[in-house]
Structure formats: structure tokens, C-alpha cells
Amino acid sequence: MPSTPHANKMKKQDVLRPLPAGAMKFGGFLGGKLELCVKQRLEKIRWKHLTEPFFGRNEDDGRWRCEFWGKILRSAVYAWRATGSAALRKALDETVRDIVRAADKSGCISSYPAAKQLQDWDVWGRKYVAVGLADYCLEVRNDPKAAEALRRHVLALAAQVKASGKPLGDIGWHEGLAANSILGAVVQTARLTGDPEALAFAKAIYASGCSKRGDVYDAALAGVPPRHIGNGKAYEMTACFDGALELYRETGDPRCLEAARRYWKSVRDTEIFVNGMGGGRDDWGEYWCDGRYSQLRADGWRNRGQGETCVAATWVKFSMQLLSVTGEAEIADELERTLYNGIAGAMTPDGTWWAHLNPAGPLAGSAWRQKAFDQIPGYGEDCCVAQGPMGLALAPYVAVMAHDAGATVLLYEPNRCRVPLGGGATCELSIAGDYAREGKVAVEVRSAPAKKFELRLRIPAWSGAKTVAKLNGKAVKGVKAGYLCLDRDWKKGDRVELEFDMAMHVIEAFDGSRRFALQRGPLVLAQDSRLGAVDAPFRPVGGQAVKAPKGIFFAYRFDDGTTVCDFASAGNLYDMRNRLCLWMPMLPANPV
Ligand SMILES: [Zn+2]
């Protein structure tokens, strides 16, 4: 039951596989945002503007115009897969046909003039051309012309690097991480075309360790914290581990998987903020920075940024890959955190644009939201605006997946889907409820094959054993964090009702700073100046959900009258006067 015609060639089959394109109608909070993103941004992309640098080969100022075509294409590929937008599909087919024509005699598709190739962001840009072509062939249509263009493009790079006498890690930015992060796309090229030279190139990249400061995989296996691996550049590094997972699928090398798994855990435990974002240390929030602690420091952000959207989008992509390979439920818990808070909060409410930093300003203090700037003055793009949509479009990709024995439900947005069960059989499921605001959801079997299959339902760690589950009205015992596995002869109309524990979780600052964050269900909450004072101390006791004002998804009022809202909605006027606060000050306890 491969998800693509190529998956059956992989040495290691994924534990969880995405549904075929068009097999799900995805709604709810995240589905609504994705629809806006498609209509207001992705269907309006000026693709010719993005391919132009490759025809002109005139990017001689050391910039990175070359990254936008592939980054935006990947976002559009996943968004098309999720929504079936005909306009998007037409644009994808056209622009892929177009970029193939920009190849030179060797097959290379670069925006840099020959004399400047293998410098600055050239290999990085060529990586994204490869990423775009590979994702198009794997997820949209296995077009022989695009696959052949991809193969020639990748082999031209391999030959050019060899002729230069320098390793790939000596070329370009971030001490090897940027150029070597092409690994995943090179493996996919080998999978698509069966070319042994492409696979040899991928193995050589992996064996190089990807950074001039030492092997990143060895470092992860030795437990080195991400901020001390390579130069710490967060999403380039994460992409190198994503590439190792692609190589694992191809070769079955257990070191690839173990390094990726340890890296994932270490990023989760030491870097990811409570809102699912990550990255700091520079003005743009782009380096691993001991984020678990630095998010609490209002002084640490001075003239600095926290939480680049690209870091969150790449974290979502990498988590999706590791979830597919291993099937581990705790990975979906983190996907949920980043999708509902970090990613959802990084898009402007009208879907036209994205924030680079989410939010701008300190996480422990008064912050605001601002739209990403024109990153290369006059070109009109920003990396986060290009990659944010990919993160969002991966929500339906991981919402319901297929496993060997049945279907796995990982996210609870309202949706209706058809799940392949092997041997040509399918089941249809629907999920109903007002998830994220409410904890009650119903999963219904709309059609079932004659044979048994297993329905696996993710029980989030924040709800765990407090979750109440009923199968056709009868209580199910022993529910706990992880998966609830129900293996039976399913009939049309069978229903599993889940009631998640929506109690308020007060997360106290772990650095003694007397601040706290709030989480209710998957939503992290924040103060917003439209609802009251921001960065103002209060005591988070009692209270209840209240009707949210226009433009805000969820609001909650505590006993003392303080009202907070979901982090994704906080500050979403994108006006510096509309302030928000994520880590709020705790009012000292009353003296007894
Ligand atoms: Zn970015």
C-alpha cells in the first residue's frame, strides 16, 4: 500500500503513510487557515518572477533569490495535495515545465553566473530546485521530463563539486550545513530515477558529516545539544537530519535513524518554545539557542529575535518524516503544538502574508506581531513567507494516516477521509467536533470493508488517562497517552466518541522568574491588549471559556476577570499597538 509508486522501492517501508492526494476534506481551525493561504497567497504566486533568475543567471550579488522557487513550490505541492486546488495544480504543472528549460548543457539549473557558482548561496538555491522537482514528482505527478531534469541537475552538481577539488561542506554558508542540506533531495533523486551515481553522491554527503565543525550525526548520537552542533543554524541543520531519514528509507542504515531520533528528542527537550517555535541568538531568530531556557528571558532577546517561522516549518516537516518512519505518537504531540500555536500564529489572519519572527519582541514580556520584510530589497520575498505555508499544509498530511493494519487518527480537526487499507480495500472516516476549543470529538466509520481493520486514535499526552472514550456508547477502559487501538469488524455507522481533558495547565517558568504560560488542550494561551492589560501579573485560578471577540479564535476568563486568548490569535492585528504576552507574570500568593 505505498503512498507513491516509488515507495515500494524503498528498503525500509514507513510505519505510517499519508493518504493519497485528494482523499481528505480537511476543515476546522487549521483547515480554514490553509484554505485562506491557498486562495490569498499560493494561487497568486507570480511563478515567472521566481523562475526568472534561473533564465537570467544574473544573481551575481551573492544573494538567495534562487531559494524561493523551490521553497514556494514545495509549499504549493503540499497545499495542492491537501486541497485539490485546480488553479494551484495548473500553476505547478506550468512552472515545472518552465524551470526544466532553464537547464544549461550540463543539466545545471542555477541563478548564479558560471564564474560565481559554488559560492555564497548557489548550492543552496540549486538544492531548492532539486527539492521542488523531487516533491513535484513524488507528490503530484511522476513526470519523466521533470525526473530526468532533476537527475541531470543533481549529477551536474556532483561533477562540478568533484572538479572543484573542494568538499561540498567548504562551499557556501553555515560551515557546510546549507550546501549539505541537499542530502534529502539527492536521495529522492536516486529513488525516483534509480540512478546509482545519485545514491553514491547522497552517501558521500552523509559520510562527510555535513559540517566543517564535525560530523553532525556523531554529535547527535553523542548527546551534544543542538546549539553546539555545527554552527547552530537551526533549520539547515534540521534539514540535514531530515535527509538522513530519507537515506534510512533507501539503505536501512540504523545509524541514520538513530541520529535523527536523538536529534529530534534533543531539539524537543532543549530548544522548542512552549508555543512550538524555536530559534534565537541573532536578529532573525534563526539559531538553536538553548530555547527552552532562553524563551523565559526578557533580556535575552534585546536586539535579537526569537522563533523564525522557517525553523517551525522545518521542524514540522522533519517531525512528519520521523512520525512516518517510526509511528511514535509523541511526535504527533509536538506536531500539534507547533501547528496550532507557532504555525497558525505566524500567518496573517487574511492569509496573504507571514511573520518572520513569531512573535516579534520577547516571549517573556510585551511582544507584538509584524509582517516579514522584503528580504532582498526589491525582490518582494522572505524565506518564512515561502516556507510557512508548507508547515500549515502538512497538517492534513499527518491528520489521518494509513498503517499496515488500518487507519491512524493523529489530529482531530473536523474532516472526512478515505483511507487505503491494502489489497484495494478502503474505509471512510469522518471526524466531527469543535476541536481545539472543545475536547469532544466523534470519529465515525462512514464505510467499511468486509474485513477487520484496526483504528488507532492518538491520545495526546496533555489529556492522557483522563481521556474518556466510548465505542458505540460503551466506555472503553485503559485509555492512556499514546494510541488507543481498536481492532474489530467495523460497520458503517460505528462511532468512537472521545472526550479529552481540557483542564487548564499552568506551566511555571523553570528558571525562577515567576512567570508562567498557559495551555488548554492543544492551545497555548496569551494575553492580548484587546482583552486587557498585557505583561500584567495575575493569578490563573478558576474561570471558563467565554465568547471570543471578532478576529480571535478562543478566549478564556479567569475568576479575577483577566481574559486570555489562543496564542495564534493574540496580537493578530499586526500593529505594534496590539500587544501580547506569552510568559505572563505571576501575582505573588496572598500572605496567609
Ligand atoms: Zn525564514
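The values are calculated or read from the model by the stated rules, or taken from the named source; none is laboratory data. This one's a predicted model, so the numbers in the text were calculated from it and none came from an experiment. Don't worry about glycine lacking a Cβ; one is built from the backbone with ideal geometry, like all the others, and counts go over all protein chains shown. In case anyone asks, the SASA skips ligands and DNA or RNA and just uses the protein heavy atoms, side chains included. Shrake-Rupley method; radii C 1.70, N 1.55, O 1.52, S 1.80 Å.
A few points about this structure:
- When you count the other C-beta atoms within 10 angstrom of each residue and take the mean per peptide, 182-190, 522-530 line up highest first as 182-190, 522-530.
- Most to least packed among 28-35, 535-542, 111-118, 304-311 [average Cβ atoms within 10 Å]: 304-311, 28-35, 111-118, 535-542
- On segment 209-277, 48 percent of the accessible area sits on carbon and sulfur atoms, based on a 1.4 Å probe.
- Surface share of carbon and sulfur [accessible, 1.4 angstrom probe, percent] for segment 78-153: 50 percent
- C-alpha center-to-center spacing [segment 152-174, segment 354-405] in angstrom: 30 Å
- Distance between modelled label sites at Asp299 and Asn142, nm, 7 Å Cα→Cβ extension: 6.0 nm
- Segment 1-118: C-alpha gyration tensor shape, a/c 1.5 cut-off, then a/b vs b/c: oblate
- For the pair His49 and Ala442 in one chain, pulling the backbone fully straight at 0.36 nm per residue adds 136.9 nm over the alpha carbon distance.
- Shape of segment 227-316 from the C-alpha gyration tensor: prolate (a/c of 1.5 or more and a/b above b/c, with a ≥ b ≥ c the square roots of its eigenvalues).
- The chain, helix-only ellipticity at 222 nm - DSSP H runs n ≥ 4, -39,500 (n - 2.57), divided by all residues, nearest 500: -11000 deg cm²/dmol
- Remark on the chain: Rg and Dmax equal 23.4, 81 Å (Cα only).
- For the chain, the per residue solvent-accessible surface stands at 36 Å², with DNA, RNA and ligands left out and a 1.4 Å probe.
- Put a plus charge on the Cβ of each Lys and Arg, a minus charge on the Cβ of each Asp and Glu, and nothing anywhere else: the dipole of the chain about its Cα centre is then about 1100 debye.
- Estimated FRET transfer efficiency (Asp560, Asn472; beta-carbon r; R0 45 Å; 0.05): 0.55
- Pairs of Cα atoms nearer than 8 Å and 6+ residues apart set the relative contact order; for the chain it is 13 percent.
- Segment 419-525, relative contact order [Cα under 8 Å, separation at least 6], %: 26 percent
- Ordering of 170-176, 236-242 by packing [mean C-beta count within 10 Å, highest first]: 236-242, 170-176
- Per-q log10 I(q)/I(0), segment 77-125, q = 0.23, 0.27, 0.33 Å⁻¹ (Debye; single scatterer per alpha-carbon; no solvent): -0.83, -0.94, -1.15
- Length released on extending from Asp98 to Tyr574, taking residue separation times 0.36 nm less the Cα-Cα span: 167.7 nm
- Relative contact order computed over segment 107-225 (Cα-Cα under 8 Å; 6+ residues apart), in percent: 26 percent
- Of all accessible heavy-atom area on segment 394-475, the percent that carbon and sulfur account for (1.4 Å): 48 percent
- Efficiency of FRET from Cβ geometry, Asp489 and Ala204, R₀ 35 Å, rounded to 0.05: 0.10
- About the Cα centre, charge dipole magnitude for segment 309-374 (Lys/Arg +1, Asp/Glu -1 at Cβ), debye: 260 debye
- Cβ-based charge dipole, segment 1-142, positive-most Cα from Leu42, Gly27, Ala134: Gly27
- Across segment 462-592, the volume of the C-alpha convex hull divided among the residues equals 175 Å³ per residue.
- Euclidean distance of C-alpha centroids, segment 462-530 and segment 42-92, integer Å: 38 Å
- Cβ-derived FRET efficiency at R0 22 Å, Lys265 paired with Asp218, nearest 0.05: 0.85
- Two-decimal log10 I(q)/I(0) for segment 386-444, as the Debye equation yields it once each C-alpha is a single scatterer, q = 0.15, 0.23 Å⁻¹: -0.51, -0.95
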